[in-house]
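As structure tokens, the structure follows; a few thoughts come after it.
The values are calculated or read from the model by the stated rules, or taken from the named source; none is laboratory data. Because the structure is predicted, anything quoted here is derived from the model rather than measured. All Cβ positions, even for glycine, are placed from backbone atoms using ideal geometry, and neighbour counts span all protein chains on display.
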Amino acid sequence: MNYNTQPTCDLRPDSVPELNLELIRKDLEILAKETVDKTLAQAKAARTDPVLGSSSTLATFYMMFPRNDGITQEKILGLTAQHIEELTIINKSLKFGIDPKYLSLIQSNDTTRLAGLQTDYDPEPKGPTYRPDALIVNRMTRTACLVDFKRQVSTIETTKLNRIADNLMIARAQVRDFLYQKHKRMTIDEGSVSWAIIDCSDQKDLPPRFKEAGVFGLDSLDTICGVKNIAKAYRLAREYMAKEFIRGEAELMAQSDRFIATQVVNELVDEAVKQAKQTFATNLAHEDKNGTSQTDEVQKLVRLEQKTEHQAANVQILPRRPDMSLRRQGMFGT
């Protein structure tokens, strides 16, 4: 089913507020540091694996970071709203009932026919529920948008994205009544509630299968919020997070009793090969000195060494370009 319904908002140049990035820069730096410090504390509190040693702490750091970073993506919106009077971000007590009959309704009808449907909000729903990451409300334009943040949609199966889209569409129909009941009778224009799945990896060209599932890039946040520079704030936060992640990783690597630098590994291998060759040569010379013939085992070793040298001679070393990196940094690029 095609969910490609771009959230809309009045973005006339004379009516759009603009976020001052300088006002939020320090807050973003602190948020990134707190996120990595929290992950470091969780990693260090984990029990050390008897085999990996303190390297298991590093593995825990890698495992816990995506979850903590995902929570941070939601907090960035709240920081921006503190500097934009017209913007309200709701992310607490955001729970909507998912009635199975609504799922069948969505699957049997075109999405455009369901865009204007509204239903009552049940504060204590029975059965399955869904919790979006945030509800963005622009009081000036009287628009609202339910959003679900994903660190990297390319790692999520299409079926799961479609399921999230179904839940967002069902929750969207309850937003107007939810605001009226839970937020001081706040009113939103009919037909002005939209939804979107946001890809925080900032991938420039999303494949069609993602767009059809209702996935949008960071640039869409300016349109959704009706505020300029929201997307730039997220990109700035990603830069700070990348620096803090490298700091945390380096700290744990320095403490790891199992981490060995690549250069040291190569030196150890070269030394082991050198010693093996010397041992082989010594044994061979000893046998020749006594006038004895080589045993079958020695002949096998000779053939193996010749084969290894032949293979090494035919290995082609690709030249390394200056723009290549030896390690990946996940959603932060290379």
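In the range 147-157, is there at least one residue being in contact with a Lys or Arg (Cβ under 7 Å, 6 or more places away or on another chain), modelled with pLDDT of 90 or more, under 18 Å from Gly97 (Cβ atoms) and surrounded by 19 or more Cβ atoms within 10 Å (Cβ to Cβ)?
Residues of the range 147-157 that are in contact with a Lys or Arg (Cβ under 7 Å, 6 or more places away or on another chain), as a first pass: 156.
Filter once more, keeping what is modelled with pLDDT of 90 or more: none.
There is no residue in the range 147-157 that is in contact with a Lys or Arg (Cβ under 7 Å, 6 or more places away or on another chain), modelled with pLDDT of 90 or more, under 18 Å from Gly97 (Cβ atoms) and surrounded by 19 or more Cβ atoms within 10 Å (Cβ to Cβ).
I need the full set of residues from the range 84-94 which are buried (at least 16 other Cβ atoms within 10 Å of the Cβ) and within 26 Å of the chain's Cα centre (by Cα), in order please.
The answer is Leu87, Thr88, Ile89, Ile90, Asn91, Leu94.
Any residue at all in the range 189-196 that is in a loop (DSSP other than H, G, I, E, B), surrounded by fewer than 21 Cβ atoms within 10 Å (Cβ to Cβ), among the acidic types (Asp, Glu) and more than 22 Å from the chain's Cα centre (by Cα)?
Of the residues in the range 189-196, the ones in a loop (DSSP other than H, G, I, E, B) are 189-192.
Within this subset, residues satisfying the condition of being surrounded by fewer than 21 Cβ atoms within 10 Å (Cβ to Cβ) are 189-192.
Still in the list and also among the acidic types (Asp, Glu): 189-190.
Adding the requirement that they be more than 22 Å from the chain's Cα centre (by Cα) leaves 189-190.
Taking every residue of the range 189-196 in turn, at least one turns out to be in a loop (DSSP other than H, G, I, E, B), surrounded by fewer than 21 Cβ atoms within 10 Å (Cβ to Cβ), among the acidic types (Asp, Glu) and more than 22 Å from the chain's Cα centre (by Cα).
Identify the residue in the range 67-83 that is surrounded by 16 or more Cβ atoms within 10 Å (Cβ to Cβ) and aliphatic (A, V, I, L, M) and, among all such residues, is farthest from Ser201 (Cα to Cα).
Ala81
Under 9 Å between Cβ atoms, which residue pairs at least 6 apart in sequence (or on different chains) link something in the range 179-200 that is closer than 16 Å to Ala213 by Cα and assigned by TED's automatic domain parsing to the domain that holds Asn91 with a partner that is polar (S, T, N, Q) and assigned to a strand (DSSP E or B)?
Once the first residue is closer than 16 Å to Ala213 by Cα and assigned by TED's automatic domain parsing to the domain that holds Asn91 and sits in the range 179-200, its partners that are polar (S, T, N, Q) and assigned to a strand (DSSP E or B) give Ser194/Thr143.
Quick one: which of Pro17, Pro50 is buried (at least 16 other Cβ atoms within 10 Å of the Cβ) and at pLDDT below 90?
Numbers: Pro50 fails: buried (at least 16 other Cβ atoms within 10 Å of the Cβ).
The unique qualifying residue is Pro17.
Would you call Tyr102 under 29 Å from Met140 (Cβ atoms), at pLDDT below 90 and surrounded by 15 or more Cβ atoms within 10 Å (Cβ to Cβ)? Steps first, please.
Numbers: under 29 Å from Met140 (Cβ atoms): no; at pLDDT below 90: yes; surrounded by 15 or more Cβ atoms within 10 Å (Cβ to Cβ): yes.
Against the criterion (under 29 Å from Met140 (Cβ atoms), at pLDDT below 90 and surrounded by 15 or more Cβ atoms within 10 Å (Cβ to Cβ)), Tyr102 does not qualify.
Among the residues of the range 237-266 satisfying the criterion of being assigned to a loop (DSSP other than H, G, I, E, B) and farther than 30 Å from Ile71 by Cβ, which is modelled with the highest pLDDT?
Restricting attention to the range 237-266, the residues satisfying the condition of being assigned to a loop (DSSP other than H, G, I, E, B) are 256-261.
Adding the requirement that they be farther than 30 Å from Ile71 by Cβ leaves 257, 260-261.
Values: Asp257: 59, Ile260: 55, Ala261: 55.
The qualifying residue modelled with the highest pLDDT is Asp257.
Which numbered condition in (1) crowded, with 18+ Cβ neighbours inside 10 Å; (2) more than 26 Å from Glu34 (Cβ to Cβ) is the only one that Lys184 fails?
If we test Lys184 against (1) crowded, with 18+ Cβ neighbours inside 10 Å; (2) more than 26 Å from Glu34 (Cβ to Cβ), just (1) comes out false.
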